[in-house]
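All remarks here apply to the structure that follows.
The values are calculated or read from the model by the stated rules, or taken from the named source; none is laboratory data. Predicted model, so just to flag it, every value in this text is computed and none were measured. When we count neighbours, we look across all protein chains shown, and the Cβ atoms used for this are built from the backbone with ideal geometry, even at glycine. Please note that ligands, DNA and RNA were not included when accessible areas were found on the heavy atoms of the full protein model with its side chains. Shrake-Rupley method; radii C 1.70, N 1.55, O 1.52, S 1.80 Å.
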There are 2 protein chains.
Amino acid sequence: MFRLPRLAPFACRRQFSSVTPRFPCVEAHATRESRLASVAASPAGPEPAYARPNPTSYTTFHATTPLPLTYSQYPLPSFDIAYETWGSLSPAKDNAILLHTGLSASSHAASTAANPSEGWWEKFIGPGKALDTNKFFIVCTNVLGGCYGSTGPSSIDPDTNAPYATHFPVLSIFDMVRAQFRLLDHLGVDKLHASVGSSMGAMQSLAAGWLHPERVGKIVSISGTARSSPSSVAMRYAQRSVLMADPNWNNGFYYDALPPHTGMKLARQIATITYRSGPEWDARFGRQLRPLLSDASASTPRTPALCPDFLIETYLDHQGEQFCLRYDANSLIYISKAMDLFDMTAPALDALHIPEANGAVLSASAAPDATRPHVTSHSKSHPPPTNPPAHLPALAQGLAPLAKIPTLVLGVQSDILFTVEQQREVVDALRLAGNDSVVYYELGGVWGHDTFLLDVLNVGGAIRGFL
Amino acid sequence: MFRLPRLAPFACRRQFSSVTPRFPCVEAHATRESRLASVAASPAGPEPAYARPNPTSYTTFHATTPLPLTYSQYPLPSFDIAYETWGSLSPAKDNAILLHTGLSASSHAASTAANPSEGWWEKFIGPGKALDTNKFFIVCTNVLGGCYGSTGPSSIDPDTNAPYATHFPVLSIFDMVRAQFRLLDHLGVDKLHASVGSSMGAMQSLAAGWLHPERVGKIVSISGTARSSPSSVAMRYAQRSVLMADPNWNNGFYYDALPPHTGMKLARQIATITYRSGPEWDARFGRQLRPLLSDASASTPRTPALCPDFLIETYLDHQGEQFCLRYDANSLIYISKAMDLFDMTAPALDALHIPEANGAVLSASAAPDATRPHVTSHSKSHPPPTNPPAHLPALAQGLAPLAKIPTLVLGVQSDILFTVEQQREVVDALRLAGNDSVVYYELGGVWGHDTFLLDVLNVGGAIRGFL
């Protein structure tokens, strides 16, 4: 609650100009800039975490065979993939699970001997957990395009000995998965027990089944989509716009200068809004004000300002501040764009450069069971959807190569970024394509898109049961 | 659909660095900056529309009695309110309707003789229309804090002869309404036939009933709220952050330099996302690509870029570009903040400086009929809500002064900024406060928050029927 000063009598007036306005929330950007400038000049080197890679905390697979790319006439000449593993590969090499990450995650999904710090899916990986290391060999990579050890825009271009920056080619989700399968080849894994992912990782999980249906035993797709919606494109576009407008971004060429930390902070604030839900904020923050500075007494008047007053604002501010130097701006832009471009409807797939599609496995025409009528998978327990989107048949056609792969789809009703409508769409398209082994769970709760990081009981339970 | 160039054979490689990346979406900001700089130096004067007020197109009420302010110890010494009217005031002066605007609108709700251009609610105002000028005298003002003729941050501070800029005091919705009632006093209107508003205007409409229940005959609240939710605060905070981070903003002191046009564009892009709905974009844009430049042939390869590819992106870009020089950045910040601060729960109201609350009309304790049990308004046709928010009793207590005012509440199911839950909350709180003349309509459709600007048939019909 604000505690306002007493009203002055009308006769008493003040010049509003007598107090110089201050904006700590804006000054924070300049303060960060000064700090970065002084650190950059120090022997310890620059601050951004991604500028100090630690190749002893993960393993690096260096590929020297060029990687064909979806949107480029020319292949990537060579590339690195950083990865970590948990559990042991069986002698038959048939117990591997490829775990795909969300946009900004590293390969560090859980603690390891080499890196004992907590991973982003710590509670889901281990003996008896959702990804059970007593049974499975879990592999997680930093994606191609990322900044945590895998080749991306911040990597050195061998042709110029300088960072690629925005000379880096536009990537697709398929390119990322293709690079991961090169790693699997290197590890001697012919067939995955499962391909598992959440958010962007769910896109990759589906893409893995599409590129190599014969190499993927099961698919887990959590809070993902097979076709990015215009509203999710809008949300990511807003973030990219803000970031690219930061003068420090400098068309992507900032690696020998200060990074666009303010743009990154602002972009992350927008992203954070899409990761949770209004009902969570109602319960968690309501209309509470931010805590007072410790030197303010309980009787000090407290009037509103143009900078943050409410706890929800300081929460967003904090999330942005935490992130703005932890991730490479160009990686964010490239990977965010790859998500926008993801579309598994048949016409969209047909237009792409997908070298794997040269063989027997093409979209509809060569689906494992393309001759069966499209409706057979809809039984009494799974009737055809009542109000399907117009693109559902095209999506079913695109997903036809996945018709024989048992698939778990899990969605969250409070997710505003990857809505339940999109989850149901994937399920309906798979069933329409003839897949009669689709399991679908829809979770309640208020955690929105981030549910996959938080709900160990329900998300973890569904995965463990399915695998 | 993208049309990709043919894949080059693997042996053939290219240096990615051979092409210099270009970013037209970022260059647009610099281009705009240059254009503004050259126009500012020309005799025609600066470009921003609000810098060229046209006082012949509206009427200005100049108040010389100081205006007490909710969050300031000191009153505003004098102020202007720009307004326009439609229809004729009856000899008894009992047919006036005060129409409140959304955040960025001017007083020009419909065309007039003085300004024949189309107004923002053109189709809703006129003979036989929702606001029927055959019966009613409609008054619409630019709000206090705005930049279209009413006093706001861009106005000249009489104490300094320079624009207030961020010396301007933080405003509340109640302050805006208080200034409007000064205008009504000036016009000789003791009692309004109705107070009508959408979005922020709906907040003002409710606030008018609270400040002066004896002067408001009916209330219309469309897509508004009586208590801003943390998720709407988050959305507006993201916009203010982006805007205030623009170096041109300069702590609000930009009136003798170039305005923060890039920050305004980015802020408007974010706002636009909240004004419509995902389902609308699914239907309107889907995954269509932006049109090709006219000189591109149908066979030219078309590869994705980091700047906009999809129609939804160019739509947001266009909305931002259109707006960025039409509205004053400081007005946006102040009015956006006033919306965040709006909270009609009793404890929040009790903490404010509300001079009007000195008299008989206080929140619950002096409600017209505070002695009647709180549940009486819930009849068989309006049972008590099954899962009310925890703050509902406090909101009912705050809205008690409105217990005798017939009120129309209208909400839209696809509105993500002012959700239907918030509309139902207003309705439930009014009924709980003992108001048995609450009419509630909930509209479907895909237009989201902007429905009030677009749906003449349903929104207009409900208003006409109610008035």
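Filtered by the rule that a residue be under 17 Å from residue B:248 (Cβ atoms) and assigned to a loop (DSSP other than H, G, I, E, B), segment B:325-346 gives B:325, B:326, B:327, B:328.
Are any residues in segment B:260-288 modelled with pLDDT under 95 and away from chain A (no Cβ under 11 Å), and if so, which ones? Listed by number, the list holds a single entry, B:275. Just one of the listed residues (A:231, A:221, A:205) is outside any strand (DSSP E or B), under 20 Å from the mean Cα position of the chain (by Cα), among the hydroxyl-bearing types (Ser, Thr, Tyr) and more than 14 Å from every other protein chain (Cβ to nearest Cβ), namely A:205.
Sub-6 Å Cβ pairs linking a first residue in segment B:435-450 that is on the phi > 0 side of the Ramachandran plot to a second residue that is of a type in the set (S, T, N, Q), at least 6 apart or interchain, are B:448/B:277; B:448/B:414, ordered by first then second residue. Among (1) over 30 Å from residue A:67 (Cβ atoms); (2) open to solvent by 60 Å² or more (accessible area, probe 1.4 Å); (3) within 12 Å of chain A (Cβ to nearest Cβ), there is one condition residue B:22 misses while meeting the rest; what is its number? It fails just one condition, (1). Restricting A:240, A:182, A:178 to those that are part of a helix (DSSP H, G or I) and under 15 Å from the mean Cα position of the chain (by Cα) reduces the list to A:240.
From the list A:108, A:29, pick out the single residue that is crowded, with 18+ Cβ neighbours inside 10 Å, within 8 Å of chain B (Cβ to nearest Cβ) and more than 30 Å from residue B:303 (Cβ to Cβ). First the steps, then the outcome.
On the way: A:108 fails: within 8 Å of chain B (Cβ to nearest Cβ).
Answer to the selection: A:29.
With A:410, A:432 as the choices, which residue is in contact (Cβ under 8 Å) with a residue 60 or more places away in the chain, buried (at least 23 other Cβ atoms within 10 Å of the Cβ) and of a type in the set (A, V, I, L, M, F, W, C)? On inspection, the qualifying residue turns out to be A:410.
If you go through segment A:420-456 and keep only what is among the small types (Gly, Ala, Ser) and outside any loop (DSSP other than H, G, I, E, B), you end up with A:429, A:448. Taking every residue in segment A:334-357 that is closer than 21 Å to residue A:147 by Cα and pairing it with any residue that is surrounded by fewer than 20 Cβ atoms within 10 Å (Cβ to Cβ) and of a type in the set (A, V, I, L, M), at least 6 positions away or on another chain, the pairs with Cβ-Cβ distances below 6 Å are A:335/A:103.
The set of residues in segment A:57-88 that are open to solvent by less than 20 Å² (accessible area, probe 1.4 Å) and among the β-branched types (Val, Ile, Thr) comprises A:70, A:81. Among the numbered conditions (1) among the small types (Gly, Ala, Ser); (2) away from chain B (no Cβ under 14 Å); (3) surrounded by 15 or more Cβ atoms within 10 Å (Cβ to Cβ), the only one that residue A:38 does not meet is (3). Reported count of residues in segment B:167-184, each being over 16 Å from residue B:75 (Cβ atoms) and either touching a Lys or Arg at 6+ places or on another chain (Cβ under 6 Å) or open to solvent by 10 Å² or more (accessible area, probe 1.4 Å) (or both), is 0. In segment B:413-425, the residues that are free of Cβ contacts under 8 Å to residues at least 40 places away in the same chain form Cβ pairs under 6 Å with partners that are surrounded by 20 or more Cβ atoms within 10 Å (Cβ to Cβ), at six or more places apart or across chains, as follows: B:420/B:411. Restrict the check to segment A:208-221 and report whether at least one residue is farther than 27 Å from residue A:427 by Cβ, in contact with a strand residue (DSSP E or B) (Cβ under 6 Å, 6 or more places away or on another chain) and not acidic (Asp, Glu). For segment A:208-221, residues farther than 27 Å from residue A:427 by Cβ, in contact with a strand residue (DSSP E or B) (Cβ under 6 Å, 6 or more places away or on another chain) and not acidic (Asp, Glu): absent.
Name the pairs: first residue in segment A:1-15 and modelled with pLDDT of 80 or more, second residue of a type in the set (Phe, Trp, Tyr), Cβ to Cβ under 7 Å, at least 6 apart or on different chains? Sorted first by the residue in segment A:1-15, then by its partner, the pairs are A:4/B:71.
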